[in-house]
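Worksheet: the structure to be examined is printed underneath.
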Amino acid sequence: MAPAYAQTKLVDFDQKSLFISACSIAFNPLFWNIVARQEYHNKVLTKLFGGRSQTACYGLAATIFSIGIVRDLLYERALRHQPSHPLLDSDLVTYIGYALLACGNILVISSTWALGITGTFLGDYFGILMDDIVTGFPFNVTDAPMYYGSTMSFLGSALVYSKPAGILLTGWVLLVYLVALRFENPFTAEIYAKRERERAAGKKEGKKQR
Ligand SMILES: *[C@@H]1O[C@H](CO)[C@@H](O)[C@H](O)[C@H]1NC(C)=O
């Protein structure tokens, strides 16, 4: 006789909550990239906040933070509707899950701490640039602690709840973030390169006048 779990599905694709969670995972980076580029090119948010870039950036930060909470709730709801798998239902897997949750949160929180609110939430698109590239922890461990930390937390929850569907959604999270990074990194690099060019031009100008 086959073991009982051979009959349980790994992932129940009949659950709408699974697709809703997948949509919200993809929606968030899409949302902040579209909005931030609108800000960069047309100052949309700064205009909305009466010309105050700093306040506008805090407004975007609060919005991104809120849709992040919604995404996490939709993920947890999706996991509740999914079957558990006996192979994931062991103490060891649960401990690994908690360790991933802890490490993921450390990466996210320390990265926010190192960058500040405007540095974390796309301040560069508002013209609020960091003075220097942050190289200390967690940026000496990974170049995108926010994204990899978040991915680790998704995987941690999947393991704690013993849900294969959570592992699948975590793969989706990672894919979405990797695409976002390929889209965001060259853009922010160009914002800083532009400042360097302007600084260099400023220095030349200064020398000529002397
Ligand atoms: C990263 O920097 C921290 C201190 O800022 C240090 O304790 C840690 O060992 C560094 N890690 C790596 C991998 O270099």
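The values are calculated or read from the model by the stated rules, or taken from the named source; none is laboratory data. Since this is a predicted model, take the numbers as computed values, not measurements. When we count neighbours, we look across all protein chains shown, and the Cβ atoms used for this are built from the backbone with ideal geometry, even at glycine. Ligands, DNA and RNA are excluded from the accessible area calculation, which covers all protein heavy atoms including side chains. Shrake-Rupley method; radii C 1.70, N 1.55, O 1.52, S 1.80 Å.
Worth a mention:
- Residues (open to solvent by 40 Å² or more (accessible area, probe 1.4 Å), more than 16 Å from the ligand (Cβ to nearest atom) and of a type outside the set (A, V, I, L, M)) located in region 118-146: G127, D131
- Residues located in region 111-130, provided they are in a loop (DSSP other than H, G, I, E, B) and on the phi > 0 side of the Ramachandran plot: L122, G127
- Filter pass, L155 being exposed (fewer than 15 other Cβ atoms within 10 Å of the Cβ) and either within 16 Å of the ligand (Cβ to nearest atom) or of a type outside the set (K, R) (or both): no
- Taking residues in region 34-60 that are in contact (Cβ under 8 Å) with a residue 12 or more places away in the chain, and partners anywhere that are assigned to a helix (DSSP H, G or I) and open to solvent by 80 Å² or more (accessible area, probe 1.4 Å), the pairs with Cβ atoms closer than 7 Å and at least 6 places apart or on different chains are A56/L48.
- Of the listed requirements (1) in contact (Cβ under 8 Å) with a residue 24 or more places away in the chain; (2) within 16 Å of the ligand (Cβ to nearest atom), L115 misses just one: (1).
- One residue stands out in region 69-99 among those that are within 21 Å of A22 (Cα to Cα) and of a type in the set (A, V, I, L, M, F, W, C): the one that is most open to solvent (accessible area, probe 1.4 Å), namely L73.
A quick yes/no check of all residues on (1) in a helix (DSSP H, G or I); (2) in contact with a Phe, Trp or Tyr (Cβ under 9 Å, 6 or more places away or on another chain); (3) not hydrophobic (A, V, I, L, M, F, W, C):
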| position | (1), (2), (3) |
| --- | --- |
| D132 | no, no, yes |
| M152 | yes, no, no |
| V173 | yes, yes, no |
| P186 | yes, no, yes |
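- Residue match in region 159-180 (condition: within 16 Å of the ligand (Cβ to nearest atom), touching a residue at least 40 places away in the same chain (Cβ under 8 Å) and surrounded by 13 or more Cβ atoms within 10 Å (Cβ to Cβ)): no
- Flag for Y40 being open to solvent by 80 Å² or more (accessible area, probe 1.4 Å) and hydroxyl-bearing (S, T, Y): no
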